[in-house]
Structures are given as structure tokens and as C-alpha cells.
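Student: Below is a structure I'd like to ask you about.
Computed from the coordinates by the stated procedures, all read-outs in this text should not be read as laboratory data. Only a predicted model underlies this, so the values are computations on that prediction, with no experimental measurement involved.
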Amino acid sequence: MSADDSQLRNDRAFEEIGALKHQVEGLKRDVEGLKTESRSWIRTWGVYLGILASVFAVPRAAKEAFDSFYQHPKFSVLTPVPLTLFYDAPHQKVTFSFPVLASNYGNRGGVIVAATAHFEPPPMDATDPQFKFTDDTKHTVDIPFPVPVGVSKSVVGSVAFTGSGLMNPGRHRLDVTLIGDDRKPLPMMPMQFCFEITEDLLAVISQESQRLLNTPCEQGQ
């Protein structure tokens, strides 16, 4: 289906919704007239029921019209999640690992097609080649990977940065963004991790991985 066809059907669906809303407004005016012109409770309540049916028909008709031609995934990604750090000091390489629990509540299967990350300070960016995803059995999950309708996809993602000054003591931030098959970031993106590197923590993560359970980012940070 072309973009023009999708836009045309969108316009028609919203026109139908607008017409239904006008019908509801007309029925409301009829009720007001009945209140003053007639004491017949049967007739009055008949109109009330008609209004209620129309009110419920608007969202139902809108959803049916929308879903009939717009098949799409609807992603949800669990946040916040823990962040695990490991620092390979001889190679000046830091690896961040994090769980990804993605669900799809749409009416079509979706695909996570790409991932990006931004780290600072010092400012550095990462793309697909610097990412790795594994499943619960430690097997590699290649990107892009699907997220079927009604199914939760659980993987562990990791991204690596190499360079000097990455683990200097102080406040650091990591933003991770997963991209859907519409080439747009998934909802709840980016996944944000803010943490403090101290001399003690640096000594630990240079020897073994360390999980940080609480990595909130303050507004404006």
C-alpha cells in the first residue's frame, strides 16, 4: 500500500468519526427538546439509549476503521533496568550490559532493526557493530530481530566503547536507543543510565563485572 493510499484511508476514517460525533450532538439536542415538549418517559429514555449507543459506537467504529487498514506493531520496552559495567583497562575498553524486555501489543509483528548509543563524558557514539545481543541461553541474537504480536522478547544487550578517559572519576551518562522497522525510536527510548565513577568502583570493574541497580538521570542532566 502506498503512502498516498494510507493517507486517503486515514482521511476517510477521521471523516467517519467526525460524522458520528455530529450525530451524537444532534441526539443530545433532541433530548433537550423532548425535556420541554414531552413528558413521555418511554420516548425520552429511548433517545437516551440512542445517545449511549452512539457514544460507544464512536470509539469502536474509529478503532475498527483504523485497524482495518493500518496494520502496525505497538512496542513497549521495560524501563528502568540495571546496568552492568566492565572495564578492560589495558585496551581502554568499557562494556555496558543491560536487559531488554520488549513486548508488542499491536496487530502486526514488529522488528527491532537497529540500535544506537551515546556516552558522555567524553562524548562518544555507537552503532550496530558495537552492539551485541544474547538470549537466555547465551546464544547470539542477530539484529534485526522480530518481536511477534502478544509475545515478550527478552534479550541482554551490550555496547562497547574504546578510548582514553572513558572511566575518569565523575558523573557519566549512557543513552541507548532501539529502532523499529518504521526507522523510528521505540517508545520509552532512549534507555537512560546515569552513574558515578569513583576510584573504588573503577578498581572493581577493572577486575570483574559490576551491576548497578540504581542509575537514575536527573532532569536536565
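Student: Greater than 24 Å separation of Cα atoms is the criterion. Which listed pairs, 132/153; 74/184; 93/138; 93/153, meet it?
Tutor: Correct reply: 93/153.
Student: So if I take the centroid of the Cα atoms in the range 190-216 and the same for the range 87-105, what is the distance between those two points in Å?
Tutor: So the two Cα centres are separated by 11 Å.
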